[in-house]
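These notes concern the structure reproduced below.
The values are calculated or read from the model by the stated rules, or taken from the named source; none is laboratory data. These numbers come from a predicted model, not from an experiment. Ideal geometry is used to build each Cβ from the backbone, glycine not excepted, and the neighbour counts take in all protein chains shown. Surface areas here come from the heavy atoms of the whole protein model, side chains and all, with no ligands, DNA or RNA. Shrake-Rupley method; radii C 1.70, N 1.55, O 1.52, S 1.80 Å.
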Amino acid sequence: MKAIYLYPDNCFCLIAHRLPVDCYVNQLRGLSIAHSVLETELAASDNAIVATVWDDSLRKLSLLEEDLRFFEPRVIPDDKAVVDAALAMAEKFRLRRIEQPETLLGGRYVFGGSTPGNCMHRPDVSKTFHLARLNGCRYYACYNDDVKQQWVQFSTAMKNALADTSLHDSIIDAAHETFSG
């Protein structure tokens with residue numbers, strides 16, 4: 001069966017509890033690649049604006065790794081298209097840190113902004129794949145009941161750090177690029 005990777009189709013399949021497990025696991029794999037590089041580049045950046053917004057409490061890679069370990073016994077093969085797309089995104093993050101590091105915040109904004117939606121869909125993930133507690137869906141449950149508070153803190157930090165409006169367009173472009181990736 002060919003996996004479906006277009007977001008609207010996946011979302012509808014997830015809500016209907018018919019999403020194939022390989023789609024979900026490969027999404028986790030792609031996200032783990034992207035988060036690994038983005039989090040590393042943000043943490044390594046010596047850019048003052050990035051340092052104002054980024055802190056290690058925003059890391060989500062460990063949650064993705066836990067979820068992937070949970071699914072390891074199922075031996076789900078990598079989807080080459082997903083891995084290639086994640087690697088391409090990762091390469092863009094590496095270049096952004098070198099060329100215009102503050103634009104990494106556009107990628108972080110997208111991943112942070114998806115957290116409330118992930119939390120909303122966590123029950124669908126659990127039901128679709130018959131998961132007990134948070135096994136296999138820790139990434140979707142990150143921040144637990146503090147999602148709104150985390151988003152307010154992050155978006156406030158972004159707003160305060162980006163008082164210079166000349167940076168807005170390039171960060172928005174990076175956010176669009178991340179979302180498309």
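Worth a mention:
- Integer Hz, Karplus 6.51/-1.76/1.60 couplings in order for region 63-75, x for Gly and Pro: 5, 5, 5, 4, 4, 5, 4, 4, 8, 3, x, 7, 6
- Per residue, in Å², the accessible surface of the chain once ligands and nucleic acids are set aside, probe 1.4 Å: 55 Å²
- Along region 133-144 the Karplus relation, 6.51 cos²θ - 1.76 cosθ + 1.60 evaluated at θ = phi - 60°, assigns HN-Hα couplings of 6, 9, 4, x, 9, 5, 4, 6, 10, 4, 6, 6 Hz to successive residues, with x for each Gly and Pro.
- Under 19 Å from Lys92, Cα to Cα: aspartates and glutamates that are on another chain or at least 8 residues apart: Glu39, Glu41, Asp46, Asp84, Glu102, Asp169, Asp173, Glu177
- For the chain, built as a Gaussian network whose Cα springs stay under 10 Å, the top-fluctuating residue of Arg138, Arg74, Arg97: Arg74
- Given Lys60/Lys148; Lys60/Lys127; Lys80/Lys148; Lys127/Lys159, the pairs whose alpha carbons are separated by over 28 Å: Lys80/Lys148; Lys127/Lys159
- Inter-label distance for Gln149 and Ile15, nm, one decimal - labels placed 7 Å from Cα along Cα-to-Cβ: 3.0 nm
- Per-pair calculated FRET efficiency, R0 = 35 Å: Ala88 and Arg133 via Cβ, rounded to 0.05: 0.55
- Orientation-averaged projected area, Cα convex hull of the chain (nm²): 10.0 nm²
- Given +1 at the Cβ of Lys and Arg, -1 at the Cβ of Asp and Glu and no other charges, the dipole of region 75-181 around its Cα centre is 420 debye to the nearest 20.
- Size of electric dipole in the chain: Cβ of Lys, Arg +1 and of Asp, Glu -1, about Cα centre, debye, nearest 20: 600 debye
- Tensor-based shape of region 77-181 (alpha-carbon gyration tensor, a/c under 1.5 rounded, otherwise prolate or oblate): oblate
- Among the protein heavy atoms of the chain, carbon and sulfur supply 56% of the accessible surface, probe 1.4 Å, non-protein parts ignored.
- With K and R counted +1 and D and E -1, the other residues having a Cβ less than 15 Å from that of Glu41 yield a net charge of -1.
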